[in-house]
Amino acid sequence: MKAIVFEKYGSPEKVLAVKEMAKPTPKENEVLIKIQATAINDYDWSLVRGKPYLYRLMYGLLKPKHNISGMELAGSVEEVGSNVQNLKVGDAVFGDISNYGFGTFAEYISIHENAIIQKPEELSFEEAAAIPHASALALQALRDIGEIKQGQKILINGGGGGVGTIGLQLAKLYNCQVTGVDSQDKLDMMKSLGFDHVIDYRTTNFTKTGEQYDLILDCKTNKATLSYLRALKPKGQYVTIGGAPFNLIKVLFWGTLIPLFSTKKLRILSLKPNEGLDDICELFKQNKIICTIDGPYPIKDTASLLQYFGDGNHKGKIVIKMNA
């Protein structure tokens, strides 16, 4: 099988290469999946470069313990282990496999059956690969942590990416007014998707405009921690889904202290992979949510696509199609 492999940390275009590898064999609780499509996430950008260095403590100090990245997939079951209960050969499946491992930048993967769920017929493989991680982050941040309510004023920092484009659509189901923050070249796309207001982060710091929001969904965590309080209304909530580890530590620290003197909240989402995907799939079936896909692209372009992601130039979710 073809796989995108890296033997050392570094710039994606220098360390990633397409290689032929043996097709894996499923263990008793695993299924062998022929991957039709996968997607790029911040985890992949960080792991391949070995930065932030905290990743190296978990995945290999001097060189990576695991040589194939990737955490989202859509594909079909080709073989099942002896103890597999809920899936059979031929089932179309998808999901965020990060609770059980990584390695979706390949034509095949063998993974625990609980890492994936059955794909609705209404979703193409490309759409199914694009939604597990981003939609779960958006749903859990806005609904479960942020407790979104009808008619609220919401800001999404990183509105032009996978989480932001899904988050916008979820917020619009609650008739919210939504402001999106991203780079200038994404703003027209964001307006076309339905953002009420857009902000170019290079020219405007949303924490200094004087505007206040009921709920902030932050995909970047790139501002001074206490500055978020200025952008929140009384009882407003700030929820971050990721960013540099040091910035997240500061949010965690101040988030425990702020309730002692303020009604505002700073919170960090700890993702539960694939939780809420049934709700997301139902919204897709009803055409209440659509995917914003950048691609699909062929697997041979993975290295340049990962750099493209890291540079922040992608619009929506970057999808890789295995047989493209």
Fill in the blank from the handout: Highest GNM mean-square fluctuation among 24, 234, 259, for the chain with Cα springs under 10 Å, belongs to 259
Exercise for the section: Rounded to the nearest 0.05, what FRET efficiency do residue 211 and residue 287 give with R0 = 22 Å and r taken as the Cβ-Cβ distance? Could you check? Expected result: 0.10
Practice task
Can you list which of the trypsin sites (Lys or Arg not before Pro) found in region 191-257 are DSSP loop residues with at most 12 other C-beta atoms within 10 Å?
Solution key: 202
Problem - region 238-306: chymotrypsin sites (Phe, Trp or Tyr not before Pro) falling in loop per DSSP and having at most 14 other Cβ within 10 Å - result: 261
Handout entry: Spacing of the two label points (7 Å from each Cα toward its C-beta) at residue 267 and residue 183, in nm
Key = 3.1 nm
Completion exercise
For the chain, the per residue accessible area (1.4 Å probe, Å²) is 45 Å²
Handout entry: Reachable lysines from residue 8, criterion Cα separation under 17 angstrom, eight or more residues apart if same chain
Key = 19, 51, 63, 65
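What GluC sites (Glu not before Pro) in region 57-126 are in a loop by DSSP, with at most 10 other Cβ atoms within 10 Å of the Cβ?
Here the GluC sites (Glu not before Pro) that fit, given the DSSP loop and packing criteria, are 121.
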Problem - Helix axis angle, 162-172 relative to the chain longest principal axis, alpha carbon, degrees - result: 50 degrees
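Given the rule -39500 (n - 2.57) for each run of at least 4 DSSP H residues, summed and divided by the residues of the chain, what is its mean residue ellipticity at 222 nm, to the nearest 500 deg cm²/dmol?
Values: 11 runs with 85 residues, N = 324.
Counting only the DSSP helices, I get -7000 deg cm²/dmol.
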Fill in the blank from the handout: If one builds a Gaussian network model of the chain from Cα atoms under 10 Å apart, the most fluctuating residue listed among 189, 71, 58 is 58
Handout entry: Heavy-atom accessible area order for 33, 199, 290, largest first, 1.4 Å probe
Key = 290, 199, 33
Fill in the blank from the handout: On the formula 1/(1 + (r/R0)^6), with r taken between the Cβ atoms of residue 197 and residue 249 and R0 of 30 Å, the FRET efficiency rounded to 0.05 is 0.45
Handout entry: Solvent-accessible area, 1.4 Å probe, carbon plus sulfur percent, for the chain
Key = 50 percent
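Out of the DSSP beta bridges found with both residues in the chain, what percent are antiparallel (nearest 5)? Display every interim value, and only then the final one.
On the way: 28 of 55 bridges.
If I count the DSSP bridges inside the chain, around 50 percent turn out antiparallel.
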Problem - Spin-label model distance (nm) - residue 122 vs residue 149, 7 Å beyond Cα toward Cβ - result: 3.0 nm
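The values are calculated or read from the model by the stated rules, or taken from the named source; none is laboratory data. The shown structure was predicted, so the numbers you read here are calculated from the model rather than taken from an experiment. Counting neighbours? That spans all protein chains shown, and the Cβs are built from the backbone with ideal geometry, glycine included. When the accessible area is computed, the model is the full protein with side chains, heavy atoms only, and any ligands, DNA or RNA have been set aside. Shrake-Rupley method; radii C 1.70, N 1.55, O 1.52, S 1.80 Å.
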